[in-house]
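The block underneath contains the structure these notes are about, expressed in C-alpha cells.
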Amino acid sequence: MTSAPRWRRFDEWDARMLRHDLFAAEDPEAGFATFHSPWDPSPSVRVEDGRVVEIDGKPEAEFDILDAYIAAHHLDLEAIGEAMAIDPVDVARMLVDINVPRQKLERLARGMTPAKLVSVVSAMSSLEIAFAYAKMRQRRTPGNQAHVTNAKDDPLQLAADAATAVALGFDEIETTMRVASNSWANAMACAVGAAVGRGGVLFQCSIEEAEELKIGMAGFTSYAETVSVYGSEAAFIDGDDTPWSKAFLTAAYASRGIKARCTSGASAELLMGFHERQSVLYLEARCLCLQRAMGVQGTQNGGIDGAPLTTSMAGGMRELMAENLIAVWLGLECASGNDTRVSESEIRVGAKITPYLLAGSDLLCSGFGSIRKYDNTFNPSLFNGEEIEDYLALQRDFEADGGLTPVEEGEVSHLRMRAIRAIAAVFAELGLAEVSEQRMVSVAAASGSQETDSFTPGEVTRISDAIRERGLTAVDVVRALARRGFDAEARNLVLMLRQRISGDYLQTSAILRDGKVVSALNDPNDYQGPGSGYRMPDARWQAVRNVRDLQTRDKVLERERRQDPTAPPWLVPQAEAAKGEDPHEVVIGLSPAFGGELSRTTAGHDLIDVVLALTEGIREGGGVPRLVRIRHTADTSFLGLTAARLSGSGYGIGIQAKGTAVIHRADRLPHMNIELFSNAPVTTLEHYRAMGRNAALYAHGQAPEPVVVPVDGQSLAARYHVRVAMLYAIETGLVVPEAPPLELSMTLGQGGLST
Amino acid sequence: MTDPLDLYPISEKSPDSAVSASGMPLDRLTLEEVMSGRVGTGDIRISAEVLRLQAGIARSAGRDRLALNLERAAELVDVPQDIILEAYEMLRPGRLTDPALLSARAEMLRRDYGAHAIAAMIDEAVAVYSRRNLFRRRY
C-alpha cells in the first residue's frame with residue numbers, strides 16, 4: 001500500500017512570505033515569555049519612615065539601579081497604599097470604564113510597582129487593551145512620525161523626501177546616517193526640506209548623544225528619542241548608561257530647548273542577553289516606571305528593535321499593545337512602536353497596525369518609513385514608502401485618523417523640486433556645494449536612491465565636515481534661504497526657532513499643527529465614550545477619504561462614452577420580436593443599454609466584437625443567429641430565458657452590456673440556466689464565440705462540453721464592482737416593465753445580420 | 001493667583017514671558033531681525049526663566065516629575081556644553097573608579113552654576129553606584 005502523499009498545499013504555504021517569519025516556543029528560562037514568567041516577582045511594596053524599602057519582593061539592600069531609582073522617584077507615597085491594595089481585575093475594569101476618568105487612573109499608576117502594573121494589564125484582552133489605550137492616551141489628536149533617510153546620505157533626496165513627508169502629514173521626521181560623519185549635512189538637508197510646504201514639523205537626527213546635542217544646539221533639530229533605557233541592570237550597563245546618566249541627559253536636552261523621549265521596548269533585554277529569565281512585559285514595566293521617574297515627557301515603546309522577537313512569541317502583539325498602555329497610563333507621551341517591520345507577511349503587518357488606527361496614538365508609528373525600504377537606514381519599518389497608499393486606504397476604511405493625508409501628484413512634484421532647489425540654494429549661498437540641474441531633476445523624479453544621479457557619500461562628508469567646522473547654524477540657513485528667495489521656507493524655520501524659545505513643545509505629547517503647539521495640556525484626551533474624544537473634523541475627514549483615483553459616476557460614464565456620439569447606431573430596432581420557426585435558430589437577447597448607452601464589456605471588449613463572436617460561433621455550430629433587444633429586464637437569467645422562448649430551437653443567449661452572458665432553454669426555471677459566464681472581466685472574445693457554438697450544438701440536440709472561463713482567484717469584485725454597479729444602474733434605468741422585445745438589425749461590419 | 005496653566009502655550013498666551021537665553025524677547029525673533037544680522041546663537045537658545053515657567057505649567061497640569069526635569073534643565077542652561085558632556089560621560093557606568101571625582105563634579109555644578117537639583121541627582125548616583133559596584137573600569 002502506498003503511503004499517504006504529502007498534501008501539496010503545504011508546499012504552497014512554504015512558498016508564502018509568512019514562512020520567512022520565525023515563531024518561537026514559550027521558554028521563560030530563555031527569556032521567551034510575554035506577560036508572565038515563573039521568575040517574575042509578585043507585586044509588593046513596603047514603606048518605612050516615608051521611604052520605600054521593598055519593591056516587588058525585593059528588600060532595599062538588594063535594590064539594583066532600576067529599583068533604587070523607581071523607589072526614590074516613581075512611587076508616589078500618597079497613592080501607594082490604595083494602588084497596591086486594589087484588585088488588579090478591578091483596575092483593569094476601571095481602565096475600560098468610560099465613567100472612570102483618566103486622571104483617577106493616572107493617580108493610581110503613580111502608586112504602582114512594575115509587577116502591579118503588569119498584573120493589571122495581564123487581565124485584559126487585546127480588545128480591552130486597545131480600548132483602554134484609546135481612553136488613556138495623552139493627546140486627543142493623533143499624530144505620526146516618519147523616517148527620512150537614504151542609502152547615499154544624499155542631501156538633495158533628504159530634502160525632497162522630508163518635504164514629501166511633511167506633505168503627507170507627518171508631525172515628526174527622524175533621520176539618521178549610513179556614515180556617521182554625514183550627520184550635519186543630513187540635519188541641514190532635512191531641516192530645509194521640512195520647512196517646505198506647511199512647515200512646523202519636529203525634526204530629529206539620530207546619532208551619538210554628544211553629537212546629537214550639538215546639532216540640536218545649532219538649531220537644526222527640535223527633538224531627540226535616543227534616550228534608551230533597559231529593564232535589567234545588566235542590560236542598562238551594557239547599554240552604557242544608568243538611570244542617572246539618562247536622567248541627566250534628559251535634562252540636558254530640555255536645557256537646549258529640545259523635546260526628548262525615551263526609547264524602550266519588549267525583548268531589548270532578550271536581544272542583549274540580559275533578560276534575567278523575566279517576562280518581556282515585566283522588564284518593560286520597569287523601564288516605563290523609570291521613565292516617569294526621570295521626568296521625561298514621553299516614550300517610544302512597543303517593541304522597537306525587539307518587536308520582531310516579541311511577535312515571534314504567542315500573544316506578542318497583545319504584549320506590545322499592553323506595554324504601550326502602561327506608558328500612557330503612566331502619563332507618558334507614546335510613540336507606539338509600529339516601526340520595525342515585524343513580519344514578512346503583509347497580512348500580519350496590516351493586522352498589527354489596525355488596533356492603533358482604531359485607538360489613535362500620540363504618534364502611531366515611531367518611525368513610519370516614508371522612503372523605500374532599501375533606503376531606510378533604521379531598517380524597514382512596519383509600513384514603508386511602498387505601502388503608504390495601503391495605509392491611507394486603511395484610514396479611509398475605518399474612518400480612523402492615522403495622521404496621514406493623501407497627496408496629489410502635481411503637488412508632490414512641485415514640493416520635491418522646491419525642496420531640492422532650496423537646499424541647493426543654501427549650499428550655494430553658504431559656499432558648501434554647487435548642484436547641477438541634472439542632479440536636481442534626477443532626485444526629484446527618483447522613488448529611491450538607487451535611481452539617483454547625485455552626491456556621493458564622500459562628497460556629502462566634505463559638506464558635513466564644513467558645516468560642523470564652520471559652526472553653521474539654523475540662523476545661517478534662514479539667511480541663506482531668504483537671500484535666495486525662499487522666503488516662506490525661511491519663515492518656517494524661524495517659526496521653529498521661536499517655538500524652541502517658548503519651550504511649549506517640551507510639554508507632554510507636543511506636536512505643531514499650523515505653526516501652533518498641540519499637546520496633552522491644551523488638547524488633552526477627553527475620551528469618555530461615544531460622542532467624546534477625538535473625531536475627525538469635517539475638513540480632515542474630507543482630506544482623509546479623498547484617496548487617489550476615486551471613481552465617480554462622471555468619470556466612469558465618461559470612460560463609457562461613445563467615441564463619436566453623432567455616429568449612427570449599429571443596432572437598429574425593428575418591429576416587435578416574434579417567436580422564430582427555424583429549429584436551428586439561436587436568439588441573442590441584448591440588455592436595454594447594450595450597444596447604445598454602453599459600448600464595452602468590463603473586460604474592455606467592444607460590444608460589436610462580442611456580438612460578432614457570438615453570431616459567428618452560432619454559425620460555426622450550425623445554428624442561425626437572431627438578435628433581439630429586450631427592454632423589460634436587465635437581469636441575465638431573464639434575458640436568457642426571454643431569448644430562449646423567442647427562439648425557434650428553444651435555446652437562447654442572454655447578455656448584459658457588461659459582458660455577463662447565459663445560455664438558456666425555453667422550458668427551464670429562470671435561474672436554472674444551461675451555461676453562464678458570470679465573470680465578465682476575464683471573459684474573452686474566444687469564450688463568447690465558444691458560447692455561441694455550444695448554443696447552436698444544444699439546438700442540434702448535442703451535449704457539448706460546457707465552456708469554462710478560467711479564474712485565477714483575482715478579486716474581480718474589488719477590481720470591478722464599483723464600475724459595474726454604476727454601469728448596471730444605466731441598464732436598470734432603461735427597463736420598461738411592459739415593453740416587448742424588438743427585432744434588431746445590425747448595420748455595420750461583415751457578418752452583420754439583417755432582418 | 002492665576003493658574004500657570006493659563007499661560008500655556010506661552011508662545012500664544014504669554015509671548016512677553018518668553019525671553020531667549022540672551023535676553024531677547026520672542027517677538028523680536030523674526031525673519032527681518034535675522035536678516036538684519038541682529039540674531040546670534042545665544043538668541044535661539046531657551047532661557048532658564050522659560051524652563052521654570054514651563055515647569056510651573058507642568059506641575060499645575062499634574063505632571064510633577066516632568067516639572068522636576070524642567071527645573072533641572074533650567075539649572076543646566078548656563079552650563080557650557082563641554083562641561084555638560086563631561087558630566088554625562090562621568091555618570092556613565094565604568095568611566096570612573098573614584099567616586100570622589102563624581103562628587104567633585106556635583107560640587108562644582110552646585111558652586112559654579114547653582115545647579116542644586118542636578119548636584120543632588122549626581123550625589124544620589126554616587127551612593128547607588130558605590131553600593132552596586134559601578135565604579136569599576138569597563139575599558
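Once both labels are modelled 7 Å past Cα along the beta-carbon direction, what's the A:M1-A:A539 spacing in nm?
In this crude spin-label approximation the distance works out to 7.5 nm.
So what is log10(I(q)/I(0)) for the range A:629-714 at q = 0.10, 0.11, 0.15, 0.17 1/Å, when the Debye sum runs over its Cα atoms only?
-0.22, -0.27, -0.50, -0.64
Quick one: net charge of B:L26's neighbours, Cβ under 9 Å, K/R +1, D/E -1? Working shown, then result.
On the way: positive: A:R498, B:R28; negative: B:D16, B:D27.
So the environment of B:L26 carries a net charge of 0.
For the range A:1-154, take every pair of Cα atoms, bin their distances at 10 Å starting from 0, and report each bin as a whole percent.
Cα pair-distance distribution for the range A:1-154, in percent: 9, 25, 24, 20, 12, 7, 3, 0, 0.
If the only charges are +1 at each Lys and Arg Cβ and -1 at each Asp and Glu Cβ, what is the size of the charge dipole of the range A:398-448 around the Cα centre, to the nearest 20 debye?
Working: 4 positive and 8 negative charges, 60 e Å.
So the magnitude is around 280 debye.
At what distance in nm do the modelled label points of B:D78 and A:R561 sit from each other, each positioned 7 Å from its Cα along Cα→Cβ?
Label at B:D78, label at A:R561, 7.5 nm between them.
Using the Cα centre of the range A:93-166 as origin and beta-carbon charges of +1 (Lys, Arg) and -1 (Asp, Glu), tell me which of A:F131, A:L108, A:T141 is placed farthest towards the positive end of the dipole.
Farthest along the dipole direction, towards plus: A:L108.
May I ask you to compute the full-extension gain from A:E705 to A:E346, defined as 0.36 nm times their residue separation minus their alpha-carbon distance, rounded to one decimal in nm? If you can, show how the numbers build up before the last one.
Values: separation 359, 0.36 × 359 = 129.24 nm, distance 4.05 nm.
Working it through step by step, the gained length comes to 125.2 nm.
Ranked from highest to lowest mean number of other Cβ atoms within 10 Å per residue, what is the order of the peptides B:49-59, A:719-729? Mind showing how you got there, number by number?
On the way: B:49-59: 23.4, A:719-729: 16.5.
The most tightly packed comes first, giving B:49-59, A:719-729.
Normalised radius of gyration for the range A:338-432, please: alpha carbon Rg relative to 2.2 N^0.38 Å, two decimal places. List each step's numbers first, then the result.
Numbers: Rg = 16.1 Å, N = 95, 2.2 N^0.38 = 12.4 Å.
The range A:338-432 yields a ratio of 1.30.
How long are the three semi-axes of the equivalent ellipsoid of the range A:441-543, in whole Å, if each is the root of 5 times an eigenvalue of the C-alpha gyration tensor, listed from largest down? Spell out each step's value before the answer.
Numbers: eigenvalues 271, 93, 43 Å².
Ellipsoid semi-axes (Å, largest first): 37, 22, 15.
Return an integer: the convex hull volume of the alpha-carbon atoms of the range B:1-58, in Å³ per residue. All intermediate terms of the calculation are to be shown ahead of the outcome.
On the way: hull volume 4.2 nm³, N = 58.
Cα convex hull per residue, to the nearest whole number: 73 Å³.
Restricting things to alpha carbons, find the Rg to Rh ratio for the range B:6-139 using the Kirkwood radius for Rh.
Details: Rg = 18.3 Å, Rh = 16.8 Å.
Computed over Cα atoms, the ratio is 1.09.
Based on the mean of other beta carbon atoms within 10 Å per residue, what is the order of A:218-225, A:410-417, B:89-96, most packed first? Show your work: numbers first, answer last.
Working: A:218-225: 26.1, A:410-417: 16.5, B:89-96: 19.0.
The densest-packed peptide leads the list: A:218-225, B:89-96, A:410-417.
Give the percent of DSSP beta bridges with both residues in chain A that are antiparallel, rounded to the nearest 5.
Details: 27 of 60 bridges.
Around 45 percent antiparallel, to the nearest 5.
Compute for the range A:302-348: radius of gyration divided by Kirkwood radius, i.e. Rg/Rh, restricted to C-alpha atoms, rounded to two decimals.
Value, to two decimals: 0.99.
Let me know the mean shielding of B:22-35 by other chains, meaning the per-residue number of their Cβ atoms within 10 Å of its Cβ. Don't skip to the end; give the middle numbers.
On the way: counts 1, 0, 1, 1, 5, 1, 1, 8, 3, 12, 2, 1, 11, 6.
Rounded to a whole number, the mean comes out at 4.
Highest mean first, what order results for A:367-378, A:276-287, A:525-536 on Cβ atoms within 10 Å?
Working: A:367-378: 23.1, A:276-287: 27.4, A:525-536: 14.2.
Taking the mean over residues of other Cβ atoms within 10 Å, the ranking is A:276-287, A:367-378, A:525-536.
Name the chymotrypsin sites (Phe, Trp or Tyr not before Pro) in the range A:1-61 that are in a loop by DSSP and that have at most 14 other C-beta atoms within 10 Å, would you? Show your work: numbers first, answer last.
Values: sites: A:W7, A:F10, A:W13, A:F23, A:F32, A:F35, A:W39; in loops: A:W7, A:F23, A:F35, A:W39.
Answer in residue order: A:W7, A:F23.
Using DSSP, restrict attention to beta bridges with both residues in the range A:495-651 and report what percent are antiparallel, rounded to the nearest 5. Spell out each step's value before the answer.
Working: 4 of 12 bridges.
Counting DSSP beta bridges with both partners in the range A:495-651, the antiparallel share is about 35 percent.
Taking K and R as +1 and D and E as -1, what net charge do the other residues with C-beta under 12 Å from the C-beta of A:L493 add up to?
Summing Lys and Arg as +1 and Asp and Glu as -1 gives +1.
Work out, in µm²/s and without decimals, the Stokes-Einstein translational diffusion coefficient of the range A:37-127 at 25 °C, 0.890 mPa s, Rh from Kirkwood over C-alpha pairs. Intermediate results must be reported in sequence, preceding the final value.
Working: Rh = 13.7 Å.
Estimated diffusion coefficient is 180 µm²/s.
Please give the direction-averaged projected area of the C-alpha convex hull for the range A:359-504, in square nanometres with one decimal.
Working: hull surface 43.7 nm².
Averaging across all directions leaves 10.9 nm² for the Cα convex hull.
Of all alpha-carbon pairs in the range A:227-347, indicate the percentage at a distance above 18 angstrom.
Numbers: 3418 of 7260 pairs.
Everything past 18 Å amounts to 47 percent.
Give me D for the protein assembly as shown in µm² s⁻¹, whole number, from Stokes-Einstein with Rh from the Kirkwood sum over alpha-carbon pairs, 25 °C and 0.890 mPa s.
On the way: Rh = 31.0 Å.
So the translational diffusion coefficient is about 79 µm²/s.
List the pair-distance distribution P(r) of the range A:291-383, using every Cα-Cα distance, as the percent of pairs falling in each 5 Å bin from 0 up to the bin containing the longest distance, rounded to whole percents.
Spelled out per bin, shortest first, that is 3, 15, 25, 26, 17, 10, 4, 1.
Separation between the A:L22 and A:Y374 pseudo-spin-labels, each 7 Å from Cα along Cα→Cβ, expressed in nm?
In this crude label model, A:L22 to A:Y374 measures out at 2.5 nm.
Pairwise over distinct Cα atoms, reciprocal of the mean inverse distance: report the Kirkwood radius of the range A:176-234 in Å, one decimal place.
On the way: mean 1/r = 0.0808 Å⁻¹.
This gives a value of 12.4 Å.
What average number of partner chain Cβ atoms lie no more than 10 Å from the Cβ of the residues making up A:257-264?
2
If you take every DSSP beta bridge fully contained in the range A:589-723, what fraction is antiparallel? Give it as a percent rounded to 5.
Working: 9 of 14 bridges.
Of the beta bridges lying entirely in the range A:589-723, close to 65 percent run antiparallel.
Within the range A:193-234, what residues put their amide N at less than 19 Å from the label point 7 Å along the Cα-to-Cβ vector of B:L101?
Answer for the range A:193-234: A:210.
Taking Cα atoms of the range A:456-507, Rg/Rh with Kirkwood Rh, to two decimals?
Numbers: Rg = 13.9 Å, Rh = 12.6 Å.
Radius of gyration relative to Kirkwood radius: 1.10.
Loop-only check: which trypsin sites (Lys or Arg not before Pro) in the range A:421-486 are DSSP coil with at most 16 other Cβ within 10 angstrom? Please list the in-between numbers first.
Values: sites: A:R421, A:R439, A:R462, A:R468, A:R470, A:R479, A:R483, A:R484; in loops: A:R470, A:R484.
Hits after loop and neighbour filter: A:R470.
Averaged over its residues, how many other protein chain Cβ atoms are within 10 Å of peptide B:54-66's Cβ atoms? Let's see the in-between values first.
Values: counts 8, 4, 0, 5, 6, 0, 1, 8, 5, 11, 3, 14, 13.
Mean shielding count: 6.
Give me the Kirkwood hydrodynamic radius of the range A:573-701, using the inverse of the mean 1/r over all pairs of distinct Cα atoms, in Å to one decimal. Don't skip to the end; give the middle numbers.
On the way: mean 1/r = 0.0728 Å⁻¹.
Radius from the Kirkwood sum: 13.7 Å.
Would you mind listing how long the range A:535-579 runs along its three principal axes, going by Cα atoms, in whole Å with the largest first?
Projected onto the principal axes, the Cα atoms of the range A:535-579 cover 62, 28, 13 Å.
Throughout, read-outs are computed from the coordinates displayed, never taken from laboratory work. Predicted, not measured: the structure shown is a model, and the values here were computed from it. Neighbour counts are summed over all protein chains in view; Cβ atoms, including those assigned to glycine, are modelled from backbone coordinates with ideal geometry.
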